[in-house]
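Working notes for the structure below.
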Amino acid sequence: MDASIQITLPPVSSLSSSTLSFLNSEQDLSRARSYIDELQSQCFDLDRTLIDLNSRLHSTLLSYASFSDGIHLLFDDATSKLTDLRSFTCPPPLSSSLSPSDGQGRKEGILGEALPALAKEVARVETVRVYAETALKLDTLVGDIEDAVSSTMNRKLRKHSSTQSVEEMRLLAIERLGHSEDVLISVTETHPQWTSLVSAVDHRIDRALATLRPQAIADHRSLLGSLGWPPPLSTLTSSNLDSGKSAEVSNPLFTMQGLLKQQYCENFLALCHLQELQWRRKSRQLEGHNRKVALQQPLWAIEELVNPISIACQRHFSKWIDKPEFVFALVYKITRDYVDTMDELLQPLVDEARLVGYSCREEWISAMVTSLITYLAKEIFPKYVAELDGESVSGVQSKARFSWLHLVDLMIAFDKQIQSLVTHSGISLSLQDDGNLQKISSLSVFCDQPDWLDIWAEIELNDTLEKLKPEVDDERNWTAKIEGALLSGFESYKSPAVSSAFVRRLLLVVDRCRSLPNTFLRSRFLKMAGGSITQRYLDCLLLRCQEAEGLTALTDDNGLIKVANSVNAAHYFESVLKEWCEDTFFLELGFDHSKQLGIGINDNSGLAGRIDGPVGCVFDEEIKKLENFRKEWVERISVAVLRGFDARCREYMKNRRQWQEKGEESWTISKNLVGALDYLQGKMAVAEENLNRIDFVGAWRSLAAGVDHLLFNGLLMSMVKFHDAGVERLNCDMEILFGVFRAWCLRPEAFFPKTSDGLKLLTMREEQLRDTISGGGKRMKENGIIHLNVAEAEKIQNKRVFMS
C-alpha cells in the first residue's frame, strides 16, 4: 500500500452499537459490496429524480416569467392609455387659445371613442390575466399528476417505499386529476374558445392516465392473487352440477381481514375513482353528441373479478363441449354464489366513489353472462354451424337440429334464472328495456351474429311444420270444429280443429321470440319463423279450396262445405292475429319492422311522412293475405251459386211471351223460376250452416248483387215487352225472390237496387211514367228512382205496353 495515502478512521466511541455489530460480523462484511451497489443504485435514482425536478422547476419558472412579462407589458400599455386619457380630460390652462366649444367637442370625442376602446382593452387585459392564471394553475396540477404517476412507476426501484405510500401517491394523482377536470369543465363552459389550452392539457393527462390506469389494474390483479382469487373450481364436476349440489367453497372476499382487506378496498376505490374521472372526461369531450353509448362501460373492478374466473372455467368447458347444460349450470352457480358479495361488500365502495347508475350486482351478473356469450360465440355455435353444413350435404339434419334447439332451450332457461337473480335483489332494473335485457341475456350472442338467428328461425320453422304435418294430414281435424274458444270471442267462426293446432304452434314460437333481448331480433325472428308458419297455413287452405273447385266447380255440397271450412279457418286465424296485434309487444315489433323497411316517420333518407297513420303490427302482411283469401273464396262461393241459379232460370229469361199474357190463377210464381229459387235457397242454406256468420253475410250480399245484375240485364234490358199482366207476374216473382233473402235481412229489395227501380217504373201509370222520364234525373229521384240513369229508364219505358 502507498504510504502517502492516509486513511483517517473515526474513533470507536463515536460509532453506534448497530455499526459495531455490523463491523464485527464477517458475514456482513462479505456482503458489503452488494450493499454498496444497492446504495449507489438508489443514490443514482434519487439524483436522476432530483435532476428531473430541477428541470421541471426551471421550465415552470421560465413559463411563469414569460407570463409575468406579458402581463407587465399589458399593464404598462393600460397605464399609458390611462395617462393619455387623463391629459385629454383635464381642463386646459387659462392661457389656452382653445374656445369653450372646441373643448366641449374634444370631450365628446373622447367619451365616444376613447372610453369604449379603453374598456375593450381593459377587458382584453383581464382575459389574458385569467388565461395566464388558469394556464399556470393547470400546469401546476398536471405537473403534480405527472410527478405522482412517476413516483408510482418507480416504486420497484425504491426498496424503502411501502405499498401504503404508493397507494397514497396514486390517490394524490387521482385527486389532482379530479381538480384539473373541474378546471377544464369550468373553462369549457365559460371560455369555449380556449380549445388549444384544453387540448394541450387533455393530451398531457391522457399520457398520465395511459400509465396510471394499467398500473392500478396490475396492482389490483396482484392483490386479488394474494387474496386467493379466483376461488378453486376443482370441486365442481359434471355429476354434482347435474344434481345441483357441490361442495361449499369459501369466498375470499368475505374471508379477507386486517391490512389485506384495507388494501383491497383502497385499491378497489381507486379504480372506481379512476373510472368516475374517465366518465367525467368523456362526458365533457362528447358534449353535444350521442353520449349514451360511448359512456356506458362495464365496471372495471368487477371485470377484474370475472376475468380470472372465466379463464379458470375454460378448463371445465373444454371437457363439456358436447354437454352444454353443464356449462350453463357452472356459470349460473358461480354467478349465484358470489352475487350477494357484490351488494354487501363492493356496492358501498362504488357509492362512495359516486359512480352514478352502477349496480355491482348487475355488473357482476352482466360480466358473467358476457363471458358465457364469448365462449358460446367462439366454441359452441361455430361447431353447431359446421355440423349443420355437414349434414346438409348428406341430407340428414335431425341430430344437428336437435342439438341446436336443445342449446336454445338451455339459453332461454338460463336467462330466466339470471333474470330472477336480478329481480330478487329488488334493484330498480327494467327488464323491458332492451339495453338492460341485452346485458344479462345469453341470447345476446345473436346480436353480433344475425345469420345464426336466421339459422335458428329456419330450424324452428322446420321443427314446427314437422310437428304440424300429422295434424294437417288428419282429415278429421278439417271437419271437427273447435270445442270451446282458444281465445275469447271466437266461438262463432266455426273453425276446424286444425286452425287451433296452428295457433298453438305459432304461440310457442312467439313465446320463444319473447326471450330475445331486443326488438330487432324479435321482429326478425318472428317474421322468418312466425310469418312462414302463417304462410304454410294459408297454403294448406288454398290447396284444399283449389281441390274442391277443381273437382266439382263447387256445384256439390261437399265442395261447398270444404271451401266454407277453409274460409272459417282463415277468418279464425286472422282474428287471432288481430287480437295479438293489439298487444304492446306486437306493436313494438311492428314499429321496428317498419324501421327496417325504411318507412319510419322520422326516416333520414328522405322518406319522412310516408306513414300517415299509426304504425301497424308485425303480422299486418299476413293478416292482409288471410283477409284477401277469405274475401276471394267467399266471392267464389257466391259466383258458384249464381252460376247454378243462372243455368236454372235460363228458360225463365228467354220466355218473352209470358210477359204479354195473363198467368194461371192457381200459380203465384212462374213455373220456370221455381227450380232456380229452390236451388238458390238450398245452396244458401248449406252455406249458412257451414260458413261463419260474418262471411255468410258477405256471401249472400254478393249473391244478391249478382242476381240483381243478372235479372236487370237479362230481363229488363232485353228485347221484351211488358203488358199489364206481365208486370203483375214479374212483381209476384220478385216478391218471392225477395222473400228468399228476407230470412237474412229486413228489406231485401235494397240489395236488388236496379231490379227494384226497374220494377217501380213498370208499375207506374202511363202519365206518371211519362212525367218521370221527361223530368230527367231530378224527377226520377223524386219518385224514388235513384239507381238508374235516364237512358236506362227510357229503355224500360219503351218496353212498357199500356192497354187502354
ask   = When you go through (1) touching a Lys or Arg at 6+ places or on another chain (Cβ under 8 Å); (2) closer than 23 Å to P252 by Cα one by one for A367, which number turns out not to apply?
value = (1)
ask   = Somewhere in the range 754-761, is a residue assigned to a loop (DSSP other than H, G, I, E, B) and not acidic (D, E)?
value = no
request  = Please identify the pairs in which a residue from the range 401-413 that is surrounded by 15 or more Cβ atoms within 10 Å (Cβ to Cβ) has its Cβ atom under 6 Å from the Cβ atom of a residue that is of a type in the set (D, E, K, R), counting only partners at least 6 apart or on another chain.
outcome  = L410/E325
request  = Confirm whether L197 is more than 37 Å from the chain's Cα centre (by Cα) and closer than 30 Å to K137 by Cα.
outcome  = yes
note = The lone condition V707 fails out of (1) more than 52 Å from the chain's Cα centre (by Cα); (2) assigned to a helix (DSSP H, G or I); (3) surrounded by fewer than 21 Cβ atoms within 10 Å (Cβ to Cβ) is (3)
remark   = By my count, helices (runs of 4 or more DSSP H) wholly in the range 521-613 with at least 1 residues that are open to solvent by 10 Å² or more (accessible area, probe 1.4 Å) and modelled with pLDDT under 90 are 531-552, 584-596
key: Of all residues in the range 267-288 being open to solvent by less than 40 Å² (accessible area, probe 1.4 Å) and of a type in the set (G, A, S), the one that is farthest from R170 (Cα to Cα)   = S283
query = Take the residues of the range 766-804 that are surrounded by 15 or more Cβ atoms within 10 Å (Cβ to Cβ) and of a type in the set (S, T, N, Q): which is nearest to the chain's Cα centre (by Cα)?
reply = N783
remark   = Note: among V674, V697, just one is modelled with pLDDT of 90 or more, assigned to a helix (DSSP H, G or I) and within 60 Å of the chain's Cα centre (by Cα), namely V697
query = Mind checking whether some residue in the range 469-487 is in contact (Cβ under 8 Å) with a residue 40 or more places away in the chain, β-branched (V, I, T) and in a helix (DSSP H, G or I)?
reply = yes
message = without any contact (Cβ under 8 Å) to a residue 12 or more places away in the chain, in the same structural domain as G682 (by the TED database), farther than 15 Å from F722 by Cβ and not in a helix (DSSP H, G or I): is that true of A743 in this structure?
response = yes
request  = Scan the range 33-50 and report the pairs whose first residue is touching a residue at least 12 places away in the same chain (Cβ under 8 Å) and whose second residue is part of a helix (DSSP H, G or I), with Cβ atoms within less than 9 Å and a gap of 6+ or a chain change.
outcome  = T49/S150; T49/S151
request  = Could you list all residues from the range 726-749 that are under 11 Å from A704 (Cα atoms) and open to solvent by less than 50 Å² (accessible area, probe 1.4 Å)?
outcome  = L737, F738, V740, F741, P748
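The values are calculated or read from the model by the stated rules, or taken from the named source; none is laboratory data. Not measured: the values here are computed from a predicted model. As a convention, Cβ positions derive from the backbone with ideal geometry for all residues, glycine included, and neighbour counts pool all protein chains shown. Surface accessibility is based on the protein's heavy atoms, side chains included, excluding ligands, DNA and RNA. Shrake-Rupley method; radii C 1.70, N 1.55, O 1.52, S 1.80 Å.
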